[in-house]
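Visitor: Here it is: the structure, laid out below.
The values are calculated or read from the model by the stated rules, or taken from the named source; none is laboratory data. All values reported here derive from a predicted model rather than from experimental measurement. Virtual Cβ from ideal backbone geometry, glycine too; neighbours counted across all protein chains shown. Only protein heavy atoms, including side chains, enter the accessible area calculation; ligands, DNA and RNA are left aside. Shrake-Rupley method; radii C 1.70, N 1.55, O 1.52, S 1.80 Å.
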Amino acid sequence: MRGHYDGLAAEYDEHWVYGPEYVPWMSGRIAEALRLDPADRIADIGSGTGLFARELARQLRPSRPILCVDPSEAMLRGLGTPPPPTLAPVVGSAEDVAEGRARLPYEELDAIWLKESVHHVADQAGTLGGLADRLAPGGRLLVVMLPATIRYPLFKAALARFEELQPDPGVIEGHLRRAGLETTLDHVEHDLRIDRDKYFGMVRARYMSLLSTFSDREIEEGIEEMRTAHPEPVLTFPDRFAFILGRRAEGSA
């Protein structure tokens with residue numbers, strides 16, 4: 001999977017973002033859910049090019065750099081050379097942080113988020129438990145993920161593949177609860193409007209990791225299926241996310 005994102009890195013921001021309002025909206029929802037304070041020690045696990053961390057830093061103006069943790073050095077180069085002082089790249093995976101292999105400048109973290117990356121984690125229970133252990137008393141861990149089914153205008157085989165691969169948000173909440181965190185599971189929804197041909201280009205660039213499981217021929221056949229099903233020039237569809245929040249009690253060691 002790292003190779004998939006290394007290949008996308010140079011054009012990731014172009015192909016992944018639906019429209020100019022999407023990143024500010026999502027970053028604001030993340031900040032609100034985590035109740036972020038400028039003094040918090042914050043990590044974005046699976047940050048990619050820092051799309052959300054960069055916007056969140058603009059909104060929050062943190063007094064300490066937000067850690068952008070990603071196993072792909074190519075993706076992290078998207079932060080800039082050098083990165084802005086509000087962001088600090090860390091090459092590593094969620095597992096590296098959970099198991100103490102990643103060298104972080106903070107011994108404990110006040111806030112961690114994983115945005116649409118938990119499905120890449122092989123041992124979700126163990127890794128989320130390890131991340132929970134990195135939290136300071138009162139620290140918060142947020143998993144943002146798509147629900148078990150989506151209403152995207154993708155071709156049928158891609159939607160079926162998504163349902164095969166996507167973990168259930170309720171299961172993820174259970175992992176956080178068993179890690180000793182107080183949990184809540186909420187949903188947020190955002191209506192997307194995107195030019196049809198732009199969306200087809202995103203699919204062709206395999207903007208969702210599940211699309212990397214299809215060959216070029218299968219992708220082109222899928223786009224033709226989408227073209228027939230959606231003749232309208234602008235696609236409108238709901239983007240619904242599960243927000244699973246875990247909080248460590250204030251008195252926890």
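Visitor: In the range 89-108, is there at least one residue being more than 29 Å from residue 161 (Cβ to Cβ), part of a strand (DSSP E or B) and among the acidic types (Asp, Glu)?
Guide: no
Visitor: Checking the conditions here, which among 165, 181, 154, 176 is over 17 Å from residue 128 (Cα atoms), open to solvent by less than 20 Å² (accessible area, probe 1.4 Å) and touching a helix residue (DSSP H, G or I) at 6+ places or on another chain (Cβ under 9 Å)? Steps first, please.
Guide: Details: 165 fails: open to solvent by less than 20 Å² (accessible area, probe 1.4 Å); 181 fails: over 17 Å from residue 128 (Cα atoms); 176 fails: over 17 Å from residue 128 (Cα atoms).
Result of the check over 165, 181, 154, 176: 154.
Visitor: When residues of the range 13-39 are filtered for being open to solvent by less than 20 Å² (accessible area, probe 1.4 Å) and of a type outside the set (A, V, I, L, M, F, W, C), how many remain?
Guide: 5
Visitor: Which numbered condition trips up residue 82, out of (1) part of a loop (DSSP other than H, G, I, E, B); (2) open to solvent by less than 30 Å² (accessible area, probe 1.4 Å)?
Guide: (2)
Visitor: May I pose another question? Quick check: is even one residue across the range 120-133 open to solvent by 10 Å² or more (accessible area, probe 1.4 Å), farther than 17 Å from residue 175 by Cα and touching a residue at least 60 places away in the same chain (Cβ under 8 Å)?
Guide: no
Visitor: Pick from the range 226-249 the residues that are charged (D, E, K, R), surrounded by 15 or more Cβ atoms within 10 Å (Cβ to Cβ) and over 14 Å from the mean Cα position of the chain (by Cα): which of them is farthest from residue 135 (Cα to Cα)?
Guide: If we take residues in the range 226-249 being charged (D, E, K, R), surrounded by 15 or more Cβ atoms within 10 Å (Cβ to Cβ) and over 14 Å from the mean Cα position of the chain (by Cα), then 247 is farthest from residue 135 (Cα to Cα).
Visitor: Can you find a residue in the range 134-156 that is in a helix (DSSP H, G or I), farther than 16 Å from residue 34 by Cα and small (Gly, Ala, Ser)?
Guide: Just the residues of the range 134-156 that are in a helix (DSSP H, G or I), to begin with: 156.
Within this subset, residues satisfying the condition of being farther than 16 Å from residue 34 by Cα are 156.
Filter again for small (Gly, Ala, Ser), leaving none.
Within the range 134-156, not a single residue is in a helix (DSSP H, G or I), farther than 16 Å from residue 34 by Cα and small (Gly, Ala, Ser).
Visitor: Residue by residue through the range 56-75, note down the ones that are within 24 Å of residue 121 (Cβ to Cβ), in a helix (DSSP H, G or I) and open to solvent by 10 Å² or more (accessible area, probe 1.4 Å).
Guide: 73, 74
Visitor: Only residues in the range 40-55 that are under 17 Å from residue 133 (Cα atoms) count as the first member; pair them with residues that are open to solvent by 10 Å² or more (accessible area, probe 1.4 Å) and of a type in the set (S, T, N, Q), Cβ under 8 angstrom, at least 6 apart or cross-chain, and list the lot.
Guide: 45/117
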